[in-house]
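The values are calculated or read from the model by the stated rules, or taken from the named source; none is laboratory data. Everything quoted here is computed from the prediction, not taken from an experiment. Because the Cβ atoms are built from the backbone with ideal geometry, glycine has one as well, and the counts that use them run over all protein chains shown. Ligands, DNA and RNA are excluded from the accessible area calculation, which covers all protein heavy atoms including side chains. Shrake-Rupley method; radii C 1.70, N 1.55, O 1.52, S 1.80 Å.
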Amino acid sequence: MTGLLPLIEWVGVAVFALTGALVAARKGMDPFGFVLLGTVTGIGGGTLRDVLLGARPVAWIMDPTVVLICTAVSLAAFVSAHHFEREGRARTLLWADALGLALFAITGTATALASGAPPVSAVLLGVVTATFGGIIRDILAGDVPLVLRRDVYVTAALAGSTAFTAAMAVLPLEVAAVLGFVVGFGLRALAILRGWSLPQYGQRADE
Amino acid sequence: MTGLLPLIEWVGVAVFALTGALVAARKGMDPFGFVLLGTVTGIGGGTLRDVLLGARPVAWIMDPTVVLICTAVSLAAFVSAHHFEREGRARTLLWADALGLALFAITGTATALASGAPPVSAVLLGVVTATFGGIIRDILAGDVPLVLRRDVYVTAALAGSTAFTAAMAVLPLEVAAVLGFVVGFGLRALAILRGWSLPQYGQRADE
Amino acid sequence: MTGLLPLIEWVGVAVFALTGALVAARKGMDPFGFVLLGTVTGIGGGTLRDVLLGARPVAWIMDPTVVLICTAVSLAAFVSAHHFEREGRARTLLWADALGLALFAITGTATALASGAPPVSAVLLGVVTATFGGIIRDILAGDVPLVLRRDVYVTAALAGSTAFTAAMAVLPLEVAAVLGFVVGFGLRALAILRGWSLPQYGQRADE
């Protein structure tokens, strides 16, 4: 296990950057707007994780690989996004966001556990890492954050993060990471495909 | 004085978590949405304080007591909030927010003073700690931040923080903390009860 | 070169604080609202820069000069802003924001380079420092962030930051700073005066 976590991180960064760029497309931004929104979305979750853990400095400042990934993905989206229909872009955004959510839940939790955090904090940090990039993206774009609009969203991050934390007690990291990813992404995917939702407050109150 | 500040912190965390959960109720969120919004609101101010002071990591990562408090309060709100009327929930939110504001102004200022910050910075950090959780709550929920809507809000935090800082020069911490709380909460309470407001820019300009 | 960077920082803080206070004027806030919004806008970019670089604590906590600058500017704006027309205030906000943008792009980049960050990270940190104060200001006030509304905005920060970084390789800091400022501010000024904009996604897609 040396290469799995960075690989997960890079893929997560790339797909979140893509979601940022797709929002930039919807807002009709210029190329630098694509890069800014793509980059902030791609590195936002990991940056907050590093800040909360007390990194000095945060990881991308000394190794800007993830910044370059975000720039490349955002520019590729700028030159190619108009080949796809609006509907296709919305679907891509939803699935890329789901993928990033499940991947970042693992890296956030793994990083926290590696620095000695107790399980409950590690799980919370996983959820925060997974959701923060998308929250910044939506706030900057003036949208209601996806985290509040979609059902089984936070829940999926929490389930993936919890499954990973529990599995880490008895399984090697690689297996635990795959398991956590399958749980988190699977739950979110089922929610998207089947329109699943949990009992909401309003529904309870109205009964 | 070993137990007063943590106690103030815990009560502040609990009441701010309650305000986050009440906003989640108004938005008709699912249980995990309650927990996320309650937790972010409850620990948001203290987290920013720790980050600005350079904590590595922020306090709740190594001792997640406050996370557990937020989770418990949020779930309790989910299962019980529908027993109360909308009007009662709005009033509870307003008063819990006022209580958290006054309490966090003290802990933010005290922590800054304890780490050697000069008084003016300690007062600003108190205000930031007191207002930030509520700001995140309102932004995440898509509302105009309470800090901008209500009069004598920032002012109350600033008065409590300033009174506490001044009192610390001549009084023991416990007495100064009680004094600062009375000033901050009292001012905010009077503002709520009597509809107090300061002269605003628009009023001046129109005269 | 001992005094140039702090001087640039102070001027940048003052003009950004002014933009925050002008937004407070438009929202009809009370004096403490002016000070809060002015201060958060003035120190926001530098605070994020310090946090990302791992400062402990952030600079203004130990030396609150910039906090005092923000307070003074905000109060001066409160007592004087109603002497000016709405139109004049909007123009002042736009130009003060442009000035702060160009100045903070330099200080953000210079601070990152001084702490050993590679050029691409230093440029990104310059852009983040330059834009973040204005982003917080607009989000707190419930406006769509200027960074997303105006063309050649991020671009100007990026150009100034890149020009400064490139010039630092061959020129003394003072000269590089002046060059970077001229590039960044000049580009933004031309964009404001001539209504310049880059090709946007929507335009491309519609053609």
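Helical runs (DSSP H, four residues minimum) scored at -39500 (n - 2.57) apiece and divided by the length of chain B put the mean residue ellipticity at 222 nm at -26000 deg cm²/dmol. Among A:55, A:177, A:167, the residue with the largest mean-square fluctuation in a Gaussian network model of chain A, with springs joining Cα atoms closer than 10 Å, is A:55.
Kindly identify the protein assembly as shown as rounded, prolate or oblate by the Cα gyration tensor criterion: order the square roots of the eigenvalues as a ≥ b ≥ c, call it rounded if a/c is under 1.5, otherwise compare a/b with b/c, prolate if a/b is larger, else oblate. Taking the square roots of the gyration eigenvalues as a ≥ b ≥ c, the protein assembly as shown is rounded. Other residues with beta-carbon under 15 Å from the beta-carbon of residue B:163 carry, at +1 per Lys or Arg and -1 per Asp or Glu, a net charge of 0.
Our summary gives chain A a relative contact order of 22 percent, counting only alpha carbon pairs under 8 angstrom and 6 or more residues apart. Interface B-C: total buried accessible area of about 2600 Å², 1.4 Å probe, protein heavy atoms only. For region B:32-68, accessible area lost to neighbouring protein chains reaches 50 Å² or more, against the chain alone with a 1.4 Å probe, at B:32, B:36, B:51, B:52, B:56, B:60, B:61, B:62. Of interest is the spacing of the C-alpha centroids, which for region B:97-150 and region A:122-191 amounts to 29 Å. Note that region B:179-193 has calculated 3J(HN,Hα) couplings of 4, x, 5, 4, 5, x, 5, x, 5, 5, 5, 4, 4, 5, 5 Hz, one per residue in order, obtained from phi through the Karplus relation 6.51 cos²θ - 1.76 cosθ + 1.60 (θ = phi - 60°); glycine and proline are x. In region B:81-112, the residues that give up 20 Å² or more of accessible area when the other protein chains are added, compared with the chain on its own (1.4 Å probe), are B:82. 3J(HN,Hα) along region A:101-116: 4, 5, 6, 6, 4, 5, 5, x, 5, 4, 5, 5, 4, 5, 9, x Hz, from the Karplus curve 6.51 cos²θ - 1.76 cosθ + 1.60 with θ = phi - 60°, whole Hz, x for Gly and Pro. Rounded to the nearest 20 debye, the dipole magnitude of chain C is 160 debye, with +1 charges on Lys and Arg beta carbons, -1 on Asp and Glu beta carbons, and the Cα centre as origin. Shown for region B:4-198: the carbon plus sulfur share of the solvent-accessible area, taken with all protein chains present and a 1.4 angstrom probe, equals 70%. Under a Gaussian network description of chain A, with springs only between Cα atoms under 10 Å, the residue in A:34, A:104, A:84 that fluctuates furthest is A:84. Between the listed residues A:6, A:125, A:140, the Cα displaced farthest toward the positive end of the dipole of region A:4-198, a dipole computed from Cβ unit charges relative to the Cα centre, is found at A:140. By definition, a body whose alpha carbon gyration tensor gives a ≥ b ≥ c is oblate when a/c is 1.5 or more and a/b is not larger than b/c, and region C:35-129 fits this oblate description. If you run the Gaussian network model on chain A, springs between alpha carbon atoms under 10 Å, then out of A:186, A:20, A:54 the most flexible one is A:54.
Counting only Cα atoms, region A:4-198 measures 48, 43, 26 Å along its principal axes, largest extent leading. Per residue, the accessible area of region C:4-199 comes to 36 Å², computed with a 1.4 Å probe over protein heavy atoms only. Round to a whole angstrom and tell me the spacing of the C-alpha centers of region A:51-76 and region C:60-74. If you average the Cα positions of each part, the centres end up 30 Å apart. Using only side-chain charges placed at the Cβ, +1 for Lys and Arg and -1 for Asp and Glu, the dipole size of region B:52-160 relative to its Cα centre rounds to 40 debye.
Its Kirkwood hydrodynamic radius, worked out from the mean inverse distance over all distinct Cα pairs, puts region C:92-196 at 13.5 Å.
Shown for residue B:174: label points 7 Å from Cα along the beta-carbon vector, and their distances to the equivalent points in the other copies, 5.9, 5.9 nm in ascending order. Under 20 Å from a label point set 7 Å out along the Cα-to-Cβ vector of residue C:143, the amide N atoms of region C:89-115 belong to C:89-105.
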